[in-house]
Amino acid sequence: MQIRVDVRGQELVISSPLVASGSIDTVLMRFIFSREWNGFHKTAIFVCEKKKSLSVLLDANNECVVPWEMLEEPTPISFGVFGIKDGQVISSTIRQITIEKGILSVKTEPADRVPSKDVFAQIINLLMVKQERLIPGDNIKIENNVISAVVSGSNSDSSRSFFVVISDEEPVVEDGNYPLWLKPIR
């Protein structure tokens, strides 16, 4: 199932088919951007009344799968998209779709279903996949099979930049907050 979202400047216009609760990894959101968004790295943000927000990077086709956590129960979900390019940030309006009650009730325990990756896990995964083709420069350093880069992200309160280090070693959690390989820049 595909939800088409036209992004005209900063306004979102949606043509939404009916979406039933209980759907897992089958609801695709496809964004069609106006030229103002050219060259921006885009991320969709989904918010459910009862859950935290989840961010999903858009792929090369400007598509993403709606996180299954947003589709567990019949409820309205809000979403929007933002882009980052050379320190510039562009943000869209927020739109809402209602998840209708589906025949399947997803009542899984956390151990039964792997949570959707957060945006930083997605960035790290992309860096690992493209490690062979990375060229040092543009805030990327490669040394002794370790990649380090500066990435920008946001949470509900503020925008932050993070220093990301990717290596073969197991990450160590520091102070229960960020792993050593994901450090906020103050």
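The values are calculated or read from the model by the stated rules, or taken from the named source; none is laboratory data. Not measured: the values here are computed from a predicted model. Every residue, glycine among them, receives a Cβ derived from its backbone with ideal geometry; neighbour counts consider all protein chains shown.
Per-residue answers, yes or no, for (1) under 14 Å from Ser116 (Cβ atoms); (2) touching a Ser or Thr at 6+ places or on another chain (Cβ under 9 Å); (3) exposed (fewer than 14 other Cβ atoms within 10 Å of the Cβ):
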site: Val7; (1), (2), (3): no, yes, no
site: Val27; (1), (2), (3): yes, no, no
site: Val47; (1), (2), (3): yes, yes, no
site: Lys50; (1), (2), (3): no, yes, yes
site: Pro74; (1), (2), (3): no, yes, no
site: Ile94; (1), (2), (3): no, yes, yes
So His41 passes all but one of these: (1) touching a residue at least 24 places away in the same chain (Cβ under 8 Å); (2) over 14 Å from the mean Cα position of the chain (by Cα); (3) loosely packed, with under 15 Cβ neighbours inside 10 Å. Which condition number does it fail? (2)
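Return yes when Glu36 is of a type in the set (D, E, K, R), touching a residue at least 40 places away in the same chain (Cβ under 8 Å) and not in a loop (DSSP other than H, G, I, E, B) and no when it is not.
When the stated conditions are applied, Glu36 passes them.
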Show the residue pairs that are 6+ apart or on different chains and have beta-carbon atoms under 7 Å apart, the first residue being within the range 14-29 and within 19 Å of Val81 (Cα to Cα), the second being assigned to a loop (DSSP other than H, G, I, E, B) and modelled with pLDDT of 90 or more. Val27/Val66; Met29/Val66
Condition first: part of a loop (DSSP other than H, G, I, E, B) and either surrounded by 15 or more Cβ atoms within 10 Å (Cβ to Cβ) or in contact with a strand residue (DSSP E or B) (Cβ under 8 Å, 6 or more places away or on another chain) (or both). Now tell me which residues in the range 78-92 satisfy that. Ser92
